[in-house]
Structure formats: C-alpha cells, structure tokens
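Here the structure is laid out as structure tokens; the discussion comes afterwards.
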Amino acid sequence: MKKLFSNMKQRYSLRDYKFSLFVLVLAISVIGIFMVRSARPEYMTRQILGVVLGVAVMVVISLIDYNWVLNFYWLLYGINLILLIAVLLVGTSSHGATRWLDLGFVQFQPSDLAKILTILFFARFLMSVAIEGSASSLARAAAASVSTGLALGAACSARGRTSGSAP
C-alpha cells in the first residue's frame, strides 16, 4: 500500500512551482469576493470560506502527479457513471432542472466533475489503445466512444432534452 501512494506526490522543487498561476487564481478569487460583496454583502463570508477551501484544495491537487491518478482510470470512470446515475435517481431539482446531489452540508453537481473525468478516462484509454495497436483494441475504443455517446443521448432523451430543444 505504501508503494502505491509513494508515487502520488510529484517531485517538485519550490522554484518549479507555478506561483504566477497561484497569484492569478487568488487575484480572480479576490475580485469575485468583492463582486459578491457589492451584490449581496450577506454572502461575502461564505464566499471567503469557499475561496480559502478552494485554494487549499488547489494546492493539494497541484502536488499530485496526474500520471499516478491515470492508473485508476477505470475506477474513476465507474465513479463518474455512478454519480451521473445518482443524479437521475436522487438528484435535487432547482429552476426546473435536476442537476445536483444534496450531500447535506453542500450541493454537488457531478456533471462538472464528469467533464474532467471523461477527458482523463479517454486520454488514458486511447493512449493504452495506441500502445497496444491491435485491431481489437481499436474496436474497443470505438465501442467505448459509441456507448458513451449513446448513454448521453439516452440521458438527454429521458429528460426530454435534445441538442435542438430549448431548455
């Protein structure tokens, strides 16, 4: 188990860390806090807490080697699908759309995470197909792509929404 997590952290030198990106994210977040304050002052404290938590998570995630995360691409894809199915089954409606999971202390929108996880999954999956290079692996890649498209189409149809319909 220790070996599994030993490669999780990237070997960063402090001088290689992108402090400019950190400062830009922080600047945009501070501007967001001021915008919230000017519109709804009662939400400013909540926004500050969100920024502090977000910056802390950003720093932790930036220290994780994404190549290590890609070793679990099937697991991540499965979690992705489970979260999206959970929205269909027990999702919370807001403004006429069911897009959220209510976790009690916060509402979570899995579709945002699904975008990132789907990109990571297919990047790793297609990379393994390219390395393997056989016709059967190309067929698996095509099947995975088509099945994902069909699942998305079925989910949109079940909700009464297609790419050409208005919300």
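When Arg124, Arg99 are screened for being under 18 Å from the mean Cα position of the chain (by Cα), closer than 26 Å to Ala144 by Cα and not in a helix (DSSP H, G or I), only Arg99 passes. Could you check the range 102-116 and list, in sequence order, the residues that are out of contact with any helix residue (DSSP H, G or I) (no Cβ under 6 Å at 6 or more places or on another chain), surrounded by 15 or more Cβ atoms within 10 Å (Cβ to Cβ) and assigned to a helix (DSSP H, G or I)? Leu113, the sole residue that qualifies.
Each row is one residue, and each column tells you yes or no for (1) under 20 Å from the mean Cα position of the chain (by Cα); (2) more than 22 Å from Val106 (Cα to Cα); (3) surrounded by 11 or more Cβ atoms within 10 Å (Cβ to Cβ).
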residue	(1), (2), (3)
Leu24	no, yes, yes
Ala27	no, yes, no
Ile33	no, no, yes
Met44	no, no, yes
Val52	yes, no, yes
Val57	yes, no, no
Ser62	yes, yes, yes
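Identify, by number, the condition in (1) surrounded by 13 or more Cβ atoms within 10 Å (Cβ to Cβ); (2) at pLDDT below 85; (3) of a type outside the set (S, T, N, Q); (4) closer than 30 Å to Asp16 by Cα that Arg99 doesn't meet. If we test Arg99 against (1) surrounded by 13 or more Cβ atoms within 10 Å (Cβ to Cβ); (2) at pLDDT below 85; (3) of a type outside the set (S, T, N, Q); (4) closer than 30 Å to Asp16 by Cα, just (4) comes out false. In this structure, is Leu24 out of contact with any Lys or Arg (no Cβ under 8 Å at 6 or more places or on another chain) and modelled with pLDDT of 90 or more? For Leu24, the condition - out of contact with any Lys or Arg (no Cβ under 8 Å at 6 or more places or on another chain) and modelled with pLDDT of 90 or more - is met. Contact map, the range 50-69: residues that are outside any helix (DSSP H, G or I) paired with residues that are of a type in the set (S, T, N, Q), Cβ distance under 8 Å, separation 6+ or inter-chain. Pairs shown: Leu63/Gln10; Ile64/Gln10; Asp65/Asn7; Asp65/Gln10.
The values are calculated or read from the model by the stated rules, or taken from the named source; none is laboratory data. Here the structure is a predicted model, which is why all the values come from computation and not from measurement. So basically every Cβ, Gly included, is an ideal-geometry build from the backbone, and we count neighbours across all protein chains shown.
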